[in-house]
Structure formats: structure tokens, C-alpha cells
1. Scattering from the C-alpha atoms of the chain alone, worked out with Debye: what is log10 I(q)/I(0) at q = 0.19, 0.20 1/Å?
2. Roll a 1.4 angstrom probe over the protein heavy atoms and tell me the percent of accessible area of the chain that is carbon or sulfur.
3. Label the stretch 10-51 by shape, choosing from rounded, prolate and oblate, from the square roots a ≥ b ≥ c of the eigenvalues of the Cα gyration tensor; if a/c is under 1.5 it is rounded, and otherwise prolate applies when a/b is larger than b/c, oblate when it is not.
4. Quick one: 3J(HN,Hα) in Hz for the stretch 93-109, Karplus 6.51/-1.76/1.60 with θ = phi - 60°, rounded, Gly and Pro as x.
5. Compute a Gaussian network model of the chain, connecting alpha carbons closer than 10 Å, and tell me which residue from 32, 99, 80 fluctuates the most.
6. Could you check the spin-label model distance between residue 104 and residue 17? Points 7 Å from the Cα along Cα→Cβ, value in nm.
7. Mind giving me the nanometre distance, one decimal, between the label points for residue 32 and residue 55, set 7 Å out from Cα along Cα→Cβ?
8. Charges only on Cβ, +1 for Lys and Arg, -1 for Asp and Glu: so what's the dipole of the stretch 1-100 about the Cα centre, in debye to the nearest 20?
Amino acid sequence: MLLNSDLWVSALIRRAEIEGANATVVRRGDARAGTVIVKAYDTSTRQARLFTEAFGQDGDRLWIQPVKGSESELDAYIERQRGYDPDIWVVEVEDRQGRHFITETVAPD
């Protein structure tokens, strides 16, 4: 991430709020370099998706969905990541359209 994690998270929350969604930090990580996981919850379908930052084959940064499944499977993934990296951030976004509000490149499903 080019920006400090806390600044990036603040911008994500602000974008969500401007668009009428609700975004909450459920876990604060390292302010400067903590990895961010975004959980996007679609309130109309009651489905959730996870996004985390990764590197593509060309070395560019992009956001991927590291795991797909039920919300409990997504939460289990987050817990495992917390065990590996105590500095992670977790942001939950609730939106009627299921938008994640990530402006960087997101890998296709």
C-alpha cells in the first residue's frame, strides 16, 4: 500500500459513507503498514465477500478475494490471518448493493 494503512482505511470509510453505506473498523492493525482485509456485506442478499491486497503476476498490487463461501468461512479466514499477522486491519462494509468501495484494481471473480 502506498498510503499508511490508517489513512487508507479512513478514506475507504469516507467513500462508503458518502455513498450511503456503513463501514466500520472491527480490528485496528499497525497504523503504518498493517495489511487490510475488507469484508463487504450485501444487505439485500445477505451475502458477504472478502478482499485483501496481493501482488499480481506482473508485480502490481491488486485486491483479491482470498476465500469464498459462507460468512462463517470468511470469518474463520479472518481469524486465521489474525493468528499469522497481529497487525492486520479488518473493515466491514454494509451496503444494499454489496459494494466494497476499493478504488484500486480488484481481480475479477
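The values are calculated or read from the model by the stated rules, or taken from the named source; none is laboratory data. Only a predicted model underlies this, so the values are computations on that prediction, with no experimental measurement involved. Cβ: placed from backbone, ideal geometry, glycine included. Neighbour counts: every protein chain shown. Keep in mind that these areas ignore ligands, DNA and RNA; they rest on the heavy atoms of the full protein, side chains included. Shrake-Rupley method; radii C 1.70, N 1.55, O 1.52, S 1.80 Å.
1. So the normalised log intensities are -0.99, -1.11.
2. After summing per-atom areas, the C and S share lands at 46 percent.
3. Working: a/c = 2.85, a/b = 1.49, b/c = 1.92.
Since a/c reaches 1.5 but b/c is at least a/b, the shape of the stretch 10-51 is classed as oblate.
4. Result, ordered by residue: 10, 10, 8, 5, 9, x, 6, 9, 6, 7, 8, 6, 4, 10, 5, x, 4 Hz.
5. Fluctuation is largest for 80.
6. Distance between label points: 2.2 nm.
7. With each label placed 7 Å out from Cα toward Cβ, I get 2.0 nm.
8. Values: 14 positive and 17 negative charges, 22 e Å.
That gives the stretch 1-100 a dipole magnitude of about 100 debye.
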